[in-house]
């Protein structure tokens, strides 16, 4: 049996000490903030209920996410893009026309897996659409739907039911940025109408929220799909 290779760990130096001290300080700071929070609950729940009829939807959670603090949610979409760009930055010499390395599997999938995917994928996609539409009235919405769609896409590629797209294809890049871009476009449109950024008119709030959530679902699905795929293979490397 081949002897296991265990690389020698670098010595604990000044750089490691600074990083450890910074991490400890951040932990102590967060703990202090948590301990300083008031014992009594805030009145935000009552405020949300008061303004819920103006939000355009009946779900309190999504009213907060997509209306009352929509700008924060838009920045969350930016974080997804930053994470994806950070992954891509790990391999600047990669050929983005090739498929993602994690999606390249040898041989053919088992016929039982292919049959199961063909049977379940339509039902799972229907469930994703249901969760997306349910988000206007109950718990659900774009994040859950996008996660399910991304997982289905990963299984289809691994099962070779669907084609393996090029890692850096234009369609995938547009899909990854759709949520952030639609958010921004709606916000700028509100500015042009003389309103605040992402301050929807009450009469058009629900259609605009559904449009934004559709973009979010697409972005979440594509970004999770690309993150799971990893990096494209370099020529002659794995």
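The values are calculated or read from the model by the stated rules, or taken from the named source; none is laboratory data. Small disclaimer: the values here were computed from a predicted structure and weren't measured. Please note: Cβ atoms are built from the backbone with ideal geometry, for glycine as well, and neighbour counts cover all protein chains shown.
If residue 122 satisfies all but one of (1) without any contact (Cβ under 8 Å) to a residue 24 or more places away in the chain; (2) within 19 Å of the chain's Cα centre (by Cα); (3) under 26 Å from residue 100 (Cβ atoms), what's the number of the condition it fails?
(2)
Select from region 126-142 the residues that are assigned to a helix (DSSP H, G or I) and touching a helix residue (DSSP H, G or I) at 6+ places or on another chain (Cβ under 6 Å) and write down the one among them that is surrounded by the most Cβ atoms within 10 Å (Cβ to Cβ).
Filtering region 126-142 for residues that are assigned to a helix (DSSP H, G or I) and touching a helix residue (DSSP H, G or I) at 6+ places or on another chain (Cβ under 6 Å), the one surrounded by the most Cβ atoms within 10 Å (Cβ to Cβ) comes out as 142.
I need the full set of residues from region 180-234 which are farther than 23 Å from residue 104 by Cα and assigned to a loop (DSSP other than H, G, I, E, B), in order please.
Once the filter is applied, which keeps residues that are farther than 23 Å from residue 104 by Cα and assigned to a loop (DSSP other than H, G, I, E, B), region 180-234 yields 193, 194, 195, 196, 197, 198, 199, 200, 201.
Yes or no: region 112-125 includes at least one residue that is in a loop (DSSP other than H, G, I, E, B) and modelled with pLDDT under 85.
For region 112-125, residues in a loop (DSSP other than H, G, I, E, B) and modelled with pLDDT under 85: absent.
Pick out, from region 32-101, the helices (runs of 4 or more DSSP H) lying fully within it that include 1 or more residues that are over 30 Å from residue 176 (Cβ atoms) and touching a helix residue (DSSP H, G or I) at 6+ places or on another chain (Cβ under 8 Å).
The helices (runs of 4 or more DSSP H) meeting that bar are 44-55.
From the residues in region 157-176 that are part of a helix (DSSP H, G or I) and out of contact with any helix residue (DSSP H, G or I) (no Cβ under 6 Å at 6 or more places or on another chain), which one is nearest to residue 212 (Cα to Cα)? Walk me through it before giving the result.
Taking region 157-176 first, the residues part of a helix (DSSP H, G or I) are 157-158, 170-176.
Going one step further and asking which of them are out of contact with any helix residue (DSSP H, G or I) (no Cβ under 6 Å at 6 or more places or on another chain), we end up with 158, 170-171, 173-174.
On the way: 158: 30, 170: 21, 171: 18, 173: 17, 174: 15 Å.
Among those that are part of a helix (DSSP H, G or I) and out of contact with any helix residue (DSSP H, G or I) (no Cβ under 6 Å at 6 or more places or on another chain), it is 174.
Considering only region 24-52, state which residues are closer than 22 Å to residue 197 by Cβ and more than 27 Å from the chain's Cα centre (by Cα).
If the condition is that a residue be closer than 22 Å to residue 197 by Cβ and more than 27 Å from the chain's Cα centre (by Cα), then 47, 51 are the ones that fit.
So the check is Cβ under 6 Å with 6+ separation or different chains; which pairs have a first residue in region 143-165 that's on the phi > 0 side of the Ramachandran plot and a second one that's surrounded by fewer than 17 Cβ atoms within 10 Å (Cβ to Cβ) and not in a helix (DSSP H, G or I)?
160/109
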